[in-house]
1. Only one of (1) in a helix (DSSP H, G or I); (2) at pLDDT 70 or above; (3) crowded, with 16+ Cβ neighbours inside 10 Å fails for B:GLU187. Which number is that?
2. Please indicate, with yes or no, whether at least one residue in the stretch B:76-85 is within 14 Å of chain A (Cβ to nearest Cβ), part of a loop (DSSP other than H, G, I, E, B) and more than 21 Å from B:GLY225 (Cβ to Cβ).
3. Condition first: touching a Ser or Thr at 6+ places or on another chain (Cβ under 9 Å), more than 26 Å from B:THR218 (Cα to Cα) and open to solvent by 10 Å² or more (accessible area, probe 1.4 Å). Can you find one or more residues in the stretch A:22-30 that meet it?
4. Would you point out the residue of the stretch A:60-97, among those that are open to solvent by 40 Å² or more (accessible area, probe 1.4 Å) and outside any loop (DSSP other than H, G, I, E, B), that is modelled with the lowest pLDDT?
5. Check B:LYS124 against each of (1) among the charged types (D, E, K, R); (2) surrounded by 14 or more Cβ atoms within 10 Å (Cβ to Cβ); (3) at pLDDT 90 or above and name the one condition it does not meet.
6. Please determine, by comparing only the residues of the stretch A:37-50 that are surrounded by 22 or more Cβ atoms within 10 Å (Cβ to Cβ) and either at the interface with another protein chain (Cβ under 9 Å from one of its Cβ atoms) or not aliphatic (A, V, I, L, M) (or both), which one is nearest to the chain's Cα centre (by Cα).
7. Among (1) open to solvent by less than 30 Å² (accessible area, probe 1.4 Å); (2) at pLDDT 65 or above; (3) in contact with an Asp or Glu (Cβ under 6 Å, 6 or more places away or on another chain), where does B:ALA148 come up short?
Amino acid sequence: MPHDTIELTTPVGRDWDPVVRLVLGGIADRLNLGFEELDDLQLAVERLLLEAGSQDSVTLAFDVSENGVRTRIGPLRAGALAEALQGPPPPPGELTLRRILETVVDSFGVEQVAEDGQLIVRLEKVVRGG
Amino acid sequence: MASAPTSQMDDRELLRRYHQQGDRSARELLVQRHLPLVRALARRYAGRGESLEDIEQVGAIGLIKAIDRYELSREVALTTYATPNVVGEIKRHFRDKGWAIRIPRGLQELNAKMSSTIERLTAKLGHSPSIAEIAQELQTTPEQVLEAMEAGSAYAPVSLSAGPSGEGELDPMETIGTEDSNFERTEQRASLEPALELLPDREREILRMRFEDGLTQTQIAEQVGVSQMHVSRLIRKSLARMRAELS
């Protein structure tokens, strides 16, 4: 399977979440991801978009290969989000954004900080054999 | 003479103990005893775009309300009194909490079938089924499956906790609040722990199993006794509610 990229620029807001979920669903179907893996990935992206707050739009770039899907989301407001993702691990029992992402994706991180301080966040989901 | 164990008491005696002595174990026993009635009534409303277990949860609320409102002076059996309450609660749910947007009936029905299909396939295949596997099982296309999944998100699920409002108990029908687009710095960094305490016990336990113990939705579904899709919806709902509380 070749390495493909799908890019989606969408307004930010709950009304647009279905568009993102459907794109993720199509990618999951292409990769033969399990229903739960798709659900996890959708949850991760939804949570991050929620953190995007009041900004107008965001671009999601999906790099799809036979190994899985790498999703880049941005630009997102920096500051608290960077701390939430890059700070020390949360203590046991604390339910933070970082804890949620650690659970639902295989890896994540801040991939790029734009000049204006905004972030690109990377999420990776690996294909596992059924 | 020692009194009979509560499990052997008839409905009327249990109602008396609950209403006159405040014996909540009597109320709990009445609920357990009449859940088969709720299930039977709920089945009448299956196939209308919501999973049977969701309808049963709503019906259970009607049962609890009937027990709470029952007047001991009535010369009527609890089952007779409870039936219209359960049916009324289910009908009200369909009217008030039903499909938030108009979804084609075919997609509603497909969505209703998906929960049991996913469970069946998970058991058969030993892993969470892919979209293609679900589509094949339902004799439809992957696109239709994805649309049906999305249609499901237009439905408002109910809580697992079927308790009445008031008396410190959480009303399962209460709304989860609105999303605030401005998520403050401290809230992002801080734990959601304080808001976690506001969730019903069972939903808090589901979040703990998922995000602390690392159980999959399927594993949680097995332990809690609901479908994996229901676990998924409850996780989303709980996280949204916690976030709304912190905003």
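The values are calculated or read from the model by the stated rules, or taken from the named source; none is laboratory data. Note that the structure is a prediction, hence the values are computed from the model and not measured. Every residue, glycine among them, receives a Cβ derived from its backbone with ideal geometry; neighbour counts consider all protein chains shown. In case anyone asks, the SASA skips ligands and DNA or RNA and just uses the protein heavy atoms, side chains included. Shrake-Rupley method; radii C 1.70, N 1.55, O 1.52, S 1.80 Å.
1. (2)
2. Within the stretch B:76-85 (the criterion being within 14 Å of chain A (Cβ to nearest Cβ), part of a loop (DSSP other than H, G, I, E, B) and more than 21 Å from B:GLY225 (Cβ to Cβ)), the answer is no, since none of the residues qualifies.
3. No - not one qualifying residue is present in the stretch A:22-30.
4. Result: A:GLU83.
5. Condition (2) is where B:LYS124 drops out.
6. A:GLN42
7. Result: B:ALA148 passes all but (3).
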